[in-house]
Amino acid sequence: MLNVMICDDEKELRIDLKRIIDRSLGLWGVSYSIFEFSSAEALISSYKGNQDQQILFLDIKLDGVSGMDAAEHIRRLDPSAVIIFVTAYSDFVFQGYDVRAFNYILKPYQEEKIVQVLRDALDLLNMSQETCLFIEQRGKTLRLPFARIQYIFSEKHLLHAVAAGETFSFYGKLGDLANTLPDCFVRIHNRYLVNLNHLDALEKNSVRVAQKTLPVSRSYKQALSIAFARYLLR
């Protein structure tokens, strides 16, 4: 079981971080709970070390006890906790080494950065389950291995994952999903993501995947070419 703790005195930021983390962990099939704190004092009084796996997203400049002081307290209680600072101040980077901070993210952050650091933290805790996409469909949770998915497209307010002749439909936004998928999935169009492992041909303005021709938008063409070249060099 994973516990994720968010400590920031800005409510909007706590809500945004929770949204990103919630969606990512849900898609990755990780069993988790998220706890929010508006002050370091509240976090410290609630923290119980060495119970389950712990990831903390901490602001540093807080009213009263600072996030750095909270991190020092938590590190004494729990040597294995993964501490991630999310702050507008770069002055404390070197102090982060004293508490063995896993990462230091500057505000304003990009969503992709939060997702990547979260993914790396799971790898550190040996909790990464990035082999499947978990889909809520008709009251059931389906487990769809990434390796099977050939491409994903959006249509009529739904996402559709095509895998070996089957199509699995679920609610979501293509941009949000793209941020949580492995590197082999590449955006080629506002409506399409492809799995490079299933790419049959890369043409001037299209790709061939699973005997189907999919359009490539001009804005995604360069990124696709770079991603495909890297894929071939593996």
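Here are the numbers for this structure:
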quantity: Options Gly26, Gly67; residue that is in contact (Cβ under 8 Å) with a residue 24 or more places away in the chain, touching a Cys at 6+ places or on another chain (Cβ under 9 Å) and not assigned by TED's automatic domain parsing to the domain that holds Leu174; calculated: Gly67
quantity: Residue satisfying all of: in the range 96-122; in contact with a helix residue (DSSP H, G or I) (Cβ under 8 Å, 6 or more places away or on another chain) and among the β-branched types (Val, Ile, Thr); farthest from Ile83 (Cα to Cα) among these; calculated: Val115
quantity: Qualifying residue in the range 218-228 (condition: in the same structural domain as Ile149 (by TED's automatic domain parsing), among the hydroxyl-bearing types (Ser, Thr, Tyr) and buried (at least 17 other Cβ atoms within 10 Å of the Cβ)); calculated: yes
quantity: Hits in the range 171-217 - residues which are free of Cβ contacts under 8 Å to residues at least 60 places away in the same chain and closer than 15 Å to Leu27 by Cβ; calculated: Tyr171, Gly172, Lys173, Leu174, Gly175, Ala178, Leu181, Pro182, Phe185, Leu193
quantity: Any chance Leu13 is of a type outside the set (Asp, Glu) and either more than 19 Å from Lys113 (Cβ to Cβ) or surrounded by 21 or more Cβ atoms within 10 Å (Cβ to Cβ) (or both); calculated: no
quantity: Residue count, the range 106-125 (criterion: within 15 Å of Met5 (Cβ to Cβ) and free of Cβ contacts under 8 Å to residues at least 40 places away in the same chain); calculated: 1
quantity: Within the range 84-96, tally of residues that are in contact with a Gly (Cβ under 9 Å, 6 or more places away or on another chain) and surrounded by fewer than 22 Cβ atoms within 10 Å (Cβ to Cβ); calculated: 1
quantity: Filtered residue count, the range 38-71, keeping only those that are out of contact with any Asp or Glu (no Cβ under 9 Å at 6 or more places or on another chain) and at positive phi; calculated: 1
quantity: Number of positions in the range 58-67 that are surrounded by 14 or more Cβ atoms within 10 Å (Cβ to Cβ) and not aliphatic (A, V, I, L, M); calculated: 4
quantity: Subset of the range 112-169 that is of a type in the set (Asp, Glu) and at pLDDT below 85 - its residue that is surrounded by the most Cβ atoms within 10 Å (Cβ to Cβ); calculated: Glu130
quantity: Candidates Ala70, Ala81, filtered to the one that is more than 19 Å from the chain's Cα centre (by Cα) and surrounded by 14 or more Cβ atoms within 10 Å (Cβ to Cβ); calculated: Ala70
quantity: Spans of helices (runs of 4 or more DSSP H) in the range 1-109 with at least 1 residues under 30 Å from Leu181 (Cβ atoms); calculated: 11-28, 93-98
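The values are calculated or read from the model by the stated rules, or taken from the named source; none is laboratory data. Model, not experiment: these values are computed from the prediction. Cβ: placed from backbone, ideal geometry, glycine included. Neighbour counts: every protein chain shown.
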